[in-house]
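Peer 1: The structure is given below, and queries will be raised subsequently.
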Amino acid sequence: MRVLSLFDGMACGMLAFQAAGIKVSRYVAFEIDQYAVKTSSHNFPMIEHRGDVFKADFTEFEGFDFLVGGSPCTYWSIAQKNNRETEASGMGWELFSQYVRAIKEAKPMFFVYENNKSMSKAIRESITQTFGFEPICINSSLVSAQNRQRLYWVGKRNPDGTYSRVHVDQPE
């Protein structure tokens, strides 16, 4: 399994594949937080760190099996008291747009995009329109100590190059 991870953080994508028993042969991560990179490098020395998504040429990863990630939610979260973005514009949207660019350039077989449920209705609708299908809402308290409602858009590449929603059962 070849995985391209954007906004990788501490390699939670790698942790998820590992927990699911899926062997990852190549894992390429884009992350700029030095502490997250240091942690993921320590835990998973095989990860290829590539830095800033804005500087990426995602065509290099064409045909990867999975694209995973969730652009930083700080711009869209209700926890953002000042300058919260509520329209499909601004830095939050620019970061999301890099994820969309990665899909178009890398053409992965599957993608998983995650973000917070507290985003505005306008941003949620814009993301849904971009992907062409609705997300599933999962509370991450199932796998962490926090009660955090998250939205997941999960897509599978069709023979014509478009993506269709992958049905994900609500976990218990």
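Peer 1: Restricting attention to region 60-100, and to residues there that are within 22 Å of residue 17 (Cα to Cα) and of a type in the set (Gly, Ala, Ser), which single residue is farthest from the chain's Cα centre (by Cα)?
Peer 2: 63
Peer 1: Name every residue in region 14-58 that is polar (S, T, N, Q), over 14 Å from residue 2 (Cα atoms) and in contact (Cβ under 8 Å) with a residue 12 or more places away in the chain, in order of residue number.
Peer 2: Across region 14-58, the qualifying residues are 39, 40, 43.
Peer 1: Scanning for something open to solvent by less than 20 Å² (accessible area, probe 1.4 Å) and of a type in the set (Val, Ile, Thr), does region 26-49 turn up at least one residue?
Peer 2: Yes, some residue in region 26-49 is open to solvent by less than 20 Å² (accessible area, probe 1.4 Å) and of a type in the set (Val, Ile, Thr).
Peer 1: Within the set of pairs 6+ apart or on separate chains, which have a first residue in region 108-137 that is under 11 Å from residue 86 (Cα atoms), a second that is open to solvent by less than 30 Å² (accessible area, probe 1.4 Å) and hydroxyl-bearing (Ser, Thr, Tyr), and C-beta atoms under 7 Å apart?
Peer 2: Partner pairs satisfying both residue conditions: 118/77.
Peer 1: Follow-up question, since we're still on this one. Please enumerate the residues belonging to region 80-94 that are exposed (fewer than 13 other Cβ atoms within 10 Å of the Cβ) and either outside any loop (DSSP other than H, G, I, E, B) or free of Cβ contacts under 8 Å to residues at least 24 places away in the same chain (or both).
Peer 2: Correct list: 81, 82, 83, 89.
Peer 1: Among 85, 105, 125, which is the only one that is charged (D, E, K, R), out of contact with any Lys or Arg (no Cβ under 9 Å at 6 or more places or on another chain) and modelled with pLDDT under 95? Give the steps one after another, and end with the answer.
Peer 2: Values: 105 fails: modelled with pLDDT under 95; 125 fails: modelled with pLDDT under 95.
Of the residues listed, the single one that is charged (D, E, K, R), out of contact with any Lys or Arg (no Cβ under 9 Å at 6 or more places or on another chain) and modelled with pLDDT under 95 is 85.
Peer 1: State which residue is least open to solvent (accessible area, probe 1.4 Å) when the search covers only region 57-79 and only residues that are of a type in the set (S, T, N, Q) and part of a loop (DSSP other than H, G, I, E, B).
Peer 2: My answer is 71.
Peer 1: Does residue 138 count as open to solvent by less than 40 Å² (accessible area, probe 1.4 Å) and under 22 Å from residue 53 (Cα atoms)?
Peer 2: Considered against the rule, which asks whether it is open to solvent by less than 40 Å² (accessible area, probe 1.4 Å) and under 22 Å from residue 53 (Cα atoms), residue 138 comes out as no.
Peer 1: Now for a separate question. Looking at region 17-47, which of its residues are among the hydrophobic types (A, V, I, L, M, F, W, C) and closer than 17 Å to residue 112 by Cα?
Peer 2: 17, 19, 20, 22, 24, 28, 29, 30
Peer 1: Any idea how many residues of region 154-172 are open to solvent by less than 50 Å² (accessible area, probe 1.4 Å), modelled with pLDDT under 95 and under 19 Å from residue 70 (Cβ atoms)?
Peer 2: So the count comes out to 1.
The values are calculated or read from the model by the stated rules, or taken from the named source; none is laboratory data. Only a predicted model underlies this, so the values are computations on that prediction, with no experimental measurement involved. As a convention, Cβ positions derive from the backbone with ideal geometry for all residues, glycine included, and neighbour counts pool all protein chains shown. These area figures cover heavy atoms from the full protein model, side chains too; ligands, DNA and RNA do not enter into them. Shrake-Rupley method; radii C 1.70, N 1.55, O 1.52, S 1.80 Å.
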